[in-house]
Amino acid sequence: MWRSAVNMMMVAFLWQGAGICLAQTSPATVPAEQIELATLEGQLKDSSRSPKTRTEAAGLLLVQSGPRATEILLASLAAKDDPALQIAVAGAIAAGPAERKEFIEPLWAMLRSGEPLVRGPAAHALARYRGFGVTEKLIALARDRSADAAVRADVVVALSATPDKRTVEAMVGLLDDPATAVRSAAAESLVKLTNIRAFGDDAEQWKQWWRANKDKDRSAWVADLADSLARAKAALEADNARLRDRLTAAMSDLYEATPPAQREALLMGFLKDPMPDARLAGLRLVDRRIASNDPISPEVRSQVRALLADSEGRVRQEAAIQVATLADSQALQALLDRLTMEDSPAVREALLKAVGQLRQGEALPAVLAEIGSRYENVSAAAAAALVRIASKVPLDEMQRREAAEAILLRYDAADPSAAEDTPLREALLSAMGAVGEEPFMPVLQEATKDPSAKVRLAAVASLAQVGKAAAAPTLVAMTSDSDRGVRQAAIAALGTVGGKEQLPVILRLTQPAVEEDAVVRQQAWDATLSVLTSADEDTVFSVAESLAARGDALADRIKILQMLTDRLRVPSRSAAAAGPFKAGSDERLGLVQRRLGAALMQAHRPAEAAVQLGQAYQAYAAQRNAEAPAVWEQWVDALLAADDPACIAAMAGQSDEEAFAAAFRKLLGRLSELRSAEKYPAVVTLATEALERLSNRRSITEAQRKALQRMAEEALARQSALDEQKVSALVLALGGDDESARKAATELQTMSTQAVPPLLAELRKAVTSASANPKVERAIVEILSQISPKFSNYDASASTKAKIELITAWSKLQVSSAPAH
């Protein structure tokens, strides 16, 4: 009874969350049970709901009686097009209170499906079954070496929730499995099942433990764990790790405290110490000396090479890296000699990395041999070494053929479904690009479909190296890959191998409607500019024109037009061209500069636009082009927008009175805008310049001259008033604390000559005031002297009368040197 009430409250809540009002449905026509089922089904199948909500809905359906709830759950488990729905139901079953036989087969189907997302949840749901023979079937599947390794690994992980002897025995046996993923999963599951963490993935220790404990019941295992060897070993290892860290730090401190003349002997002692960790510390000190460009003696070099045969694998690994870093004449042979006898995969990996670091062609046969290693990490390291060698030493035809054969054989042996093989396949695909043989093309094209983005990325990078232009169609397809990095690499490669033929594809990817990711769009712009750098002038111009209607492309259109402008400025280029450039080089340059100037104006960069449009006008005028007046008008518009006084000179040089009159009206309009914006200095400059240079033009009326005069005087008066207010406030701050005084002085200096008249007035006040502040007086004089050398020879100890006379003289000097308005 209580459970039904709780369920109904949950249903009402979910129904309300779905936006449905219970009051709108008649209880007489829709039974409460149907309402509840419909609501839960809606919640379960609603992809917009959170995974937690969908799992809770599935859990409520599991406790419902009647066939309809079961039908909903079974249909959901079979919904291959909605993995999240399958996962929700499997999660509810795994946490459910009872074992329901009808769900076993659908869960098995999910487990065997090709969808990695649903396999794990299905395995965990099946692992909660204790009856119906499910555990035995799961163990059998985990042991089945012909089955998919990823599926088996998922099953092994799920079985860690089944703590009985059958499961433990199976896990111990799987520690010898050939699939790395299965072995790792088995070791992790054993840790969870037994709480023994010290054995890790050591199969022999687990087997020994199992032989000693397989006849005990589970309660005996738990009792034995308290005093087990595993716990003691774990504690000992933790202590040893702490001691090793302390030892390394102490040795480093001792080395630094030792006089330089004695450090060589101390270092050699470390490198020969009986303790492996002391030798490791010595090798790291060698690395520090190399990084500091300290000289390394022949004796130390020899001892580092000798450690390649050390009894401790960790020391051999570190020694390999240091031998390569020292890179003396004996380094490569020492590494290759050790490689022939080394049996540790981890050390072989380090040796191959070191060989690759040296990038010497003599190592190629050994590297190619190691590509075929059965150890994934060793093979990957060999492939990476091949890439580094090939980047420095060009391979001949025979070497490329041998390398291609080794790479293809090992790639075929890698398991595409095994996650642990992903780094190997990535490395082999990169090696294909370095070798560059044509037979790699089908493999690389197939690898672009790989589930791993890293593998696809490596394939794309190598396609451009191997296939050149032939790779373009595949690269085009990869520009729509689900992974951002792959799309970026595909676009970059397409720009390299596709040439201008692929410009339409690349340009399309610069559009937000096509490519949502701004980073990828920027890659497309970069590729576009890269292609245009070597494209002909007509192509560059055509692309720039095609972007004219795209507001989002304005900045890049400016870059393209600037590129073309710079190219056309080179005098050695041929004047003959097709398309829009069929005239001469000057006219071509003028056309492009006109486009560039218009684009810069659109981007609110009028000062830059004025430069381009001024030069464009000169070219148009020299060619007597009919468009010259229109370009002149654009030029003047840009100068006015930039508040550049050069606009007055441009207008003064205009002989067409109609064009001049139109420009003059624009000048008056611009002055009104500046006055409204309280940009008085610009008003004064432009109006004064216009009065001086344009007053004699017959197109200007007397009323317009008076308007100019009035605007100049009014702006000057208003700016002077503003300057006085500002300087007065700043001078007041000069008497404050050091920080406020410093800021005020800096701002007054920035005002330059604009601050001089009000500063002189303030200085007069400071001198004549009964409450004069000597600090302020000194500060004003200092600022004036920094603004101009003519404000010097001020004597702070002079009489007030002498100071007033000097200030008056300075004021007259300032007035006489000020520009006329």
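The values are calculated or read from the model by the stated rules, or taken from the named source; none is laboratory data. Quick caveat, the model's predicted, so the values are computed rather than measured. Because the Cβ atoms are built from the backbone with ideal geometry, glycine has one as well, and the counts that use them run over all protein chains shown.
Of Ala741, Ala755, all but one fail to be closer than 20 Å to Glu678 by Cα and within 54 Å of the chain's Cα centre (by Cα); the exception is Ala755.
Going by the conditions given, is Arg410 surrounded by fewer than 18 Cβ atoms within 10 Å (Cβ to Cβ) and basic (Lys, Arg)? No: the conditions fail for Arg410.
Scanning region 265-279 for residues that are over 13 Å from Val304 (Cα atoms) and not aliphatic (A, V, I, L, M) returns Pro274, Pro276, Asp277. Can you find a residue in region 750-768 that is more than 26 Å from Pro681 (Cβ to Cβ), of a type outside the set (Val, Ile, Thr) and either without any contact (Cβ under 8 Å) to a residue 12 or more places away in the chain or outside any helix (DSSP H, G or I) (or both)? No. Against the definition (surrounded by 21 or more Cβ atoms within 10 Å (Cβ to Cβ) and farther than 26 Å from Ser462 by Cβ), how does Ala518 come out, yes or no? For Ala518, the condition - surrounded by 21 or more Cβ atoms within 10 Å (Cβ to Cβ) and farther than 26 Å from Ser462 by Cβ - is not met. Taken together, the residues in region 424-451 that are crowded, with 21+ Cβ neighbours inside 10 Å and within 25 Å of Val182 (Cα to Cα) amount to 6. Listed by position, the helices (runs of 4 or more DSSP H) inside region 172-275 whose residues that are modelled with pLDDT of 75 or more number at least 2 are 180-194, 203-213, 229-257, 260-271. When region 679-695 is limited to residues that are small (Gly, Ala, Ser) and under 14 Å from Pro645 (Cα atoms), the one that is nearest to the chain's Cα centre (by Cα) turns out to be Ala682.
Selection of region 185-217 for residues being closer than 21 Å to Asp154 by Cβ and either touching a residue at least 60 places away in the same chain (Cβ under 8 Å) or among the basic types (Lys, Arg) (or both) yields only Lys192. The condition of being touching a Lys or Arg at 6+ places or on another chain (Cβ under 8 Å), assigned by TED's automatic domain parsing to the domain that holds Val776 and not charged (D, E, K, R) holds for only one of Leu734, Leu730, Leu722, Leu748, that being Leu734. In the condition set (1) touching a helix residue (DSSP H, G or I) at 6+ places or on another chain (Cβ under 7 Å); (2) more than 20 Å from Val355 (Cα to Cα), Ala265 is compliant with all but (1).
Keeping to region 500-513, report how many residues are of a type in the set (A, V, I, L, M, F, W, C) and loosely packed, with under 14 Cβ neighbours inside 10 Å. Step through it out loud before you land on a result.
From region 500-513, those of a type in the set (A, V, I, L, M, F, W, C) are 503, 505-507, 509, 513; that's our starting set.
When the remaining residues are screened for being loosely packed, with under 14 Cβ neighbours inside 10 Å, the result is 513.
The qualifying residues number 1.
All conditions but one from (1) crowded, with 17+ Cβ neighbours inside 10 Å; (2) over 18 Å from Ser699 (Cα atoms); (3) out of contact with any Leu (no Cβ under 8 Å at 6 or more places or on another chain) apply to Phe660; the one that does not is (2). Among the residues making up region 535-556, a single one is of a type in the set (Asp, Glu), under 26 Å from the mean Cα position of the chain (by Cα) and closer than 16 Å to Val592 by Cα: Asp556. Before we move on, is Leu600 in contact with an Asp or Glu (Cβ under 8 Å, 6 or more places away or on another chain) and at pLDDT 95 or above? In short, yes. When Pro774 is tested against (1) loosely packed, with under 13 Cβ neighbours inside 10 Å; (2) in contact with a Lys or Arg (Cβ under 9 Å, 6 or more places away or on another chain); (3) not hydrophobic (A, V, I, L, M, F, W, C), just one condition goes unmet, and that condition is (2). Scanning region 120-149 for residues that are among the small types (Gly, Ala, Ser) and touching a residue at least 40 places away in the same chain (Cβ under 8 Å) yields Ala142, Ala149.
Among the candidates Ala28, Ala32, Ala58, Ala38, single out the residue that is at negative phi, at pLDDT below 60 and assigned by TED's automatic domain parsing to the domain that holds Leu74. On inspection, the qualifying residue turns out to be Ala28. Going by what's in this entry, would Glu777 be described as modelled with pLDDT of 85 or more, part of a helix (DSSP H, G or I), farther than 20 Å from Pro681 by Cα and not aliphatic (A, V, I, L, M)? In short, no.
Going by what's in this entry, would Ala153 be described as part of a helix (DSSP H, G or I), touching a residue at least 24 places away in the same chain (Cβ under 8 Å) and not β-branched (Val, Ile, Thr)? So Ala153 passes the test. For region 340-348, the criterion of a residue being aliphatic (A, V, I, L, M), within 39 Å of the chain's Cα centre (by Cα), part of a helix (DSSP H, G or I) and more than 22 Å from Ala261 (Cβ to Cβ) is satisfied by at least one position. Listed by position, the helices (runs of 4 or more DSSP H) inside region 400-469 whose residues that are without any contact (Cβ under 8 Å) to a residue 24 or more places away in the chain and touching a helix residue (DSSP H, G or I) at 6+ places or on another chain (Cβ under 8 Å) number at least 1 are 440-447. Within region 492-577, which helices (runs of 4 or more DSSP H) (wholly inside it) include 3 or more residues that are among the basic types (Lys, Arg)? Helices (runs of 4 or more DSSP H) meeting the threshold: 554-568. If I filter region 664-678 down to residues being more than 13 Å from Gln704 (Cα to Cα) and buried (at least 17 other Cβ atoms within 10 Å of the Cβ), which single residue comes out as farthest from the chain's Cα centre (by Cα)? Only one residue tops the list, namely Arg675.
Number of residues in region 45-102 that are basic (Lys, Arg) and under 23 Å from Val134 (Cα atoms): the value is 3.
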